[in-house]
Amino acid sequence: MIFAQLVRPSLHVKQRLSPSSGYRYFWGWLNAVFNKVDHERIKAVGPDRAASEWLLRCGAKVRYEGFEKWQQDYNGLPTGPLGKFKIQAIDATDSCIMYQGFAHLEGLEHLEEIKLCQCIYIEDTCLERISKLENLQKTLQRLEIISCGNVSDKGVICLNSLRNLQYLFLSNLPAINNRDLTVELLQKSNPSLHIKLDLDQ
């Protein structure tokens, strides 16, 4: 755990600066390790604590219900009775979260906001996974997807299952090819959804 915390700040620097496929393979492998799901850990400490550990390992941060401060220091995760700290918001900006780790979201019952910004591993299957989680269909209210190059119309349209989503911000998503139709389909399934766009067409 401490090793993950120490190496995290340099991961994306390595990925950007080195053209070597060997380096890319190593950092991709390491990020996959960070995203590995330990179901025994989830049972032992509860879904919110386990999800917090996953997110902070990967460079994201969380905010707990009843708190204004964002938690981003893995070694500073709060302690106390299991179940006391419920994740209300996730900011995954520039993090390495990937599909494998999304199983950590299954037990979160208070999650209202997710921000996915410059997440190189976020793709359509991740959005599809989010949209199929029954707990998020009930609780998720705000979602931002920014500069995630692997997100296309297909992934965004899957979000129509999030029936309580109130705000969706889409920005700099070059793989979206039919903005108007995508928005139309989302609005048809959720007329009260406010969609804000910053997309080139």
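Semi-axes of the equivalent ellipsoid for the stretch 77-143, please: Cα gyration tensor eigenvalues, times 5, square-rooted, ordered largest first, whole Å.
20, 15, 11
When a/c reaches 1.5 or more, the comparison of a/b and b/c decides; with that in mind, is the stretch 25-100 rounded, prolate or oblate per its Cα gyration tensor?
On the way: a/c = 2.33, a/b = 1.41, b/c = 1.65.
Judged from the Cα gyration tensor, the stretch 25-100 comes out oblate (a/c at least 1.5, b/c at or above a/b).
For the modelled label position 7 Å from the Cα of Leu199 along Cα-to-Cβ, which residues of the stretch 135-160 have backbone nitrogen atoms closer than 17 Å?
143-160
At 0.36 nm per residue, minus the direct Cα-Cα distance, what do Asn177 and Glu134 gain on full extension? Give it in nm, one decimal, please.
Difference between extended and current length: 12.6 nm.
Quick one, what does Rg over Rh come out to for the stretch 88-184 if you take C-alpha atoms and the Kirkwood Rh? If you can, show how the numbers build up before the last one.
On the way: Rg = 12.2 Å, Rh = 13.2 Å.
My calculation puts Rg/Rh at 0.92.
Equivalent ellipsoid semi-axes for the stretch 23-164, as square roots of 5 times the alpha carbon gyration tensor eigenvalues: give them largest first, rounded to whole Å. Present the calculation step by step, with values, prior to reporting the outcome.
Working: eigenvalues 95, 73, 38 Å².
After diagonalising the Cα gyration tensor, the semi-axes are 22, 19, 14 Å.
Probe of 1.4 angstrom, ligands and nucleic acids ignored: what's the accessible area per residue over the stretch 91-165, in square angstrom?
Roughly 38 Å² per residue, with all protein chains present.
Rounded to the nearest percent, how much of the accessible area of the stretch 77-201 (1.4 Å probe, protein heavy atoms only) is carbon and sulfur?
Within the stretch 77-201, the accessible surface is 45 percent carbon and sulfur.
Please give the Cα centre distance for the stretch 105-126 versus the stretch 46-83, rounded to the nearest Å.
15
Beta carbons within 10 angstrom, averaged per residue: use that to sort the peptides 158-166, 76-84, highest first.
Details: 158-166: 18.3, 76-84: 10.4.
Put in order of decreasing packing, that is 158-166, 76-84.
The values are calculated or read from the model by the stated rules, or taken from the named source; none is laboratory data. Fair warning: this is a prediction, and the values are worked out from it, not measured in the lab. Don't worry about glycine lacking a Cβ; one is built from the backbone with ideal geometry, like all the others, and counts go over all protein chains shown. In case anyone asks, the SASA skips ligands and DNA or RNA and just uses the protein heavy atoms, side chains included. Shrake-Rupley method; radii C 1.70, N 1.55, O 1.52, S 1.80 Å.
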